[in-house]
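Taken together, the values in this text are just the output of simple stated rules run on the coordinates, not laboratory data. Nothing here was measured: the structure is a model prediction, and the numbers come from that model. Quick reminder, even Gly has a Cβ in these numbers, built from the backbone with ideal geometry, and neighbours come from all protein chains shown.
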Amino acid sequence: MSDTVEVAFPGSSHGAVRLNKGDNLSEQLTVQNSPVLFGCRTGICATCLSEVEGAIPPPDRDEAEVLEIFAPENPRARLACQLQLTADIRLKWLGNGG
């Protein structure tokens, strides 16, 4: 069992990165020159609104409330700043949440 996960960015010129399981995505992508923009990093501005494919834990209640506002019709929408890495994912930044 690997202690790392792969984060791929389909449709982006950025290559995939390998990060440690349990890492907070926003902290690591800053270091990796991310294709995802981050604003508040607390899960309220939706600047990092992204579509995620992969097995990740569901959003907590606070994130779910923000997703209901900014992406009510997208079940794969997540706030990248709130993701804890548990498995390989494909992440597509959806642009500014507004």
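Scan segment 36-61 for residues that are β-branched (Val, Ile, Thr), under 17 Å from residue 93 (Cβ atoms) and assigned to a loop (DSSP other than H, G, I, E, B) and the total you get is 3.
Within segment 25-35, identify whether any single residue is within 13 Å of the chain's Cα centre (by Cα), on the phi < 0 side of the Ramachandran plot and not in a helix (DSSP H, G or I), and answer yes or no. Yes: segment 25-35 contains one or more residues that are within 13 Å of the chain's Cα centre (by Cα), on the phi < 0 side of the Ramachandran plot and not in a helix (DSSP H, G or I).
Residues in segment 31-69 that are surrounded by 14 or more Cβ atoms within 10 Å (Cβ to Cβ) and of a type in the set (Val, Ile, Thr): 36, 44, 47, 52, 56, 66. None of 41, 76 is among the basic types (Lys, Arg) and within 18 Å of residue 9 (Cβ to Cβ) except 76. Residue selection: residue 19 satisfies the criterion of being in contact with a helix residue (DSSP H, G or I) (Cβ under 7 Å, 6 or more places away or on another chain), more than 18 Å from residue 95 (Cβ to Cβ) and either surrounded by 12 or more Cβ atoms within 10 Å (Cβ to Cβ) or touching a residue at least 24 places away in the same chain (Cβ under 8 Å) (or both). The requirement of being closer than 21 Å to residue 86 by Cβ, in contact with a helix residue (DSSP H, G or I) (Cβ under 7 Å, 6 or more places away or on another chain) and assigned to a loop (DSSP other than H, G, I, E, B) is fulfilled nowhere in segment 62-71; no residue meets it.
Just to be sure before I move on: is residue 10 without any contact (Cβ under 8 Å) to a residue 40 or more places away in the chain and either surrounded by 13 or more Cβ atoms within 10 Å (Cβ to Cβ) or out of contact with any His (no Cβ under 8 Å at 6 or more places or on another chain) (or both) in the structure I sent? In short, no. Among residues belonging to segment 44-73 that are of a type in the set (Asp, Glu) and in contact with a strand residue (DSSP E or B) (Cβ under 8 Å, 6 or more places away or on another chain), point out the one that is farthest from residue 10 (Cα to Cα). Checking each candidate, the answer is 63. List pairs: first in segment 69-86 and β-branched (Val, Ile, Thr), second surrounded by fewer than 14 Cβ atoms within 10 Å (Cβ to Cβ), Cβ under 9 Å, 6+ apart or cross-chain? So the pair list comes out as 86/21; 86/22; 86/55; 86/57.
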